[in-house]
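Okay, so here's the structure we're looking at.
The values are calculated or read from the model by the stated rules, or taken from the named source; none is laboratory data. Every value quoted in this text rests on a predicted model; they were computed, and no experiment measured them. Quick reminder, even Gly has a Cβ in these numbers, built from the backbone with ideal geometry, and neighbours come from all protein chains shown. The area values use the complete protein model at the heavy-atom level, side chains included, leaving out ligands, DNA and RNA. Shrake-Rupley method; radii C 1.70, N 1.55, O 1.52, S 1.80 Å.
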Amino acid sequence: ITKRVTDRVKAWYAKRFPDKKFTEVQKKFNELKRETGILFHGYFEEIHARYFNEDGTRRVKPLSRAVIKNRENEAAYVKIEEYYKDLLKLIPEDSLILSEVIIFDDVEKEAGTIDFLAIEPSGKAHILDWKFMNVPETSNDVAWFKQNAYGIQLGRYKEILQKRYGIKEFGMIRAIPFLMEFRKSGIKQ
């Protein structure tokens, strides 16, 4: 693999914001958000594996869930699982549901990883990508530049599935934002 779909997104950001520099505090906060996003992505993978076999078929009975001792992480896990179960209600029961699907364009030598790919018996595909983020209190929506970046990523996933995997029909193609709230602890106010 010589390229990743996320390289397109990074290139778009670099072109759009060529002079963007982060302070040390911003870098540390960005790293905290990245690590938390990775942890919560892992919860999605664990939840998915409880409900579905590796081949995407539904388990007869979900497996037991993990025990999470950290109270905040436990609350996040419960919310993610509730969302996941509600999402499954939107997709026909006999669909294949896959998690962390690696796709590859052998012509462009470019790969990507789809967080959630559902394929209905009709062949219709749904692509979802989890985005764990914080949104400033002054904002009403995800920043425009993030929306554009997500569009680049999801559009390329769709294109690869069409050209290299023969998918002809698509349903949902969405970046799903999960808002994370961070608070400073141990600081007297």
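Here are a few things to note about the model shown:
- Check on R71, exposed (fewer than 10 other Cβ atoms within 10 Å of the Cβ) and basic (K, R): yes
- F104 buried (at least 17 other Cβ atoms within 10 Å of the Cβ) and either hydrophobic (A, V, I, L, M, F, W, C) or within 27 Å of E159 (Cα to Cα) (or both): no
- Identity of the residue in region 107-127, out of contact with any Pro (no Cβ under 8 Å at 6 or more places or on another chain) and outside any strand (DSSP E or B), that ends up surrounded by the most Cβ atoms within 10 Å (Cβ to Cβ): K124
- Cβ-Cβ contacts under 7 Å between residues 6 or more apart (or on different chains), taken from a first residue in region 65-94 that is closer than 27 Å to S122 by Cα to a second residue that is loosely packed, with under 12 Cβ neighbours inside 10 Å, are listed as P92/P121; D94/P121.
- Yes/no for T23 being out of contact with any Leu (no Cβ under 7 Å at 6 or more places or on another chain), modelled with pLDDT under 95, farther than 23 Å from I152 by Cα and open to solvent by less than 60 Å² (accessible area, probe 1.4 Å): no
- The set of residues in region 1-27 being assigned to a loop (DSSP other than H, G, I, E, B) and β-branched (V, I, T) consists of I1, T2, T23.
- Between W144, W130, the distinction of being at pLDDT below 95 and either open to solvent by less than 70 Å² (accessible area, probe 1.4 Å) or of a type in the set (A, V, I, L, M, F, W, C) (or both) belongs to W144 only.
- The lone criterion from (1) surrounded by 18 or more Cβ atoms within 10 Å (Cβ to Cβ); (2) more than 21 Å from L39 (Cα to Cα); (3) not hydroxyl-bearing (S, T, Y) left unmet by A175 is number (2).
- Looking only at residues in region 147-172 that are polar (S, T, N, Q) and open to solvent by 60 Å² or more (accessible area, probe 1.4 Å), the one that is nearest to the chain's Cα centre (by Cα) is Q147.
- R164 being more than 26 Å from E31 (Cβ to Cβ), part of a strand (DSSP E or B), charged (D, E, K, R) and touching a strand residue (DSSP E or B) at 6+ places or on another chain (Cβ under 9 Å): no
- Selection of region 62-95 for residues being more than 26 Å from F170 (Cβ to Cβ), outside any helix (DSSP H, G or I) and hydroxyl-bearing (S, T, Y) yields only S64.
- Candidate set from region 28-61 (those that are among the basic types (K, R) and part of a helix (DSSP H, G or I)); member that is farthest from F182 (Cα to Cα): R50
- Looking across region 53-68, the residues that are modelled with pLDDT under 95 and either charged (D, E, K, R) or open to solvent by less than 50 Å² (accessible area, probe 1.4 Å) (or both) come down to R65, A66, I68.
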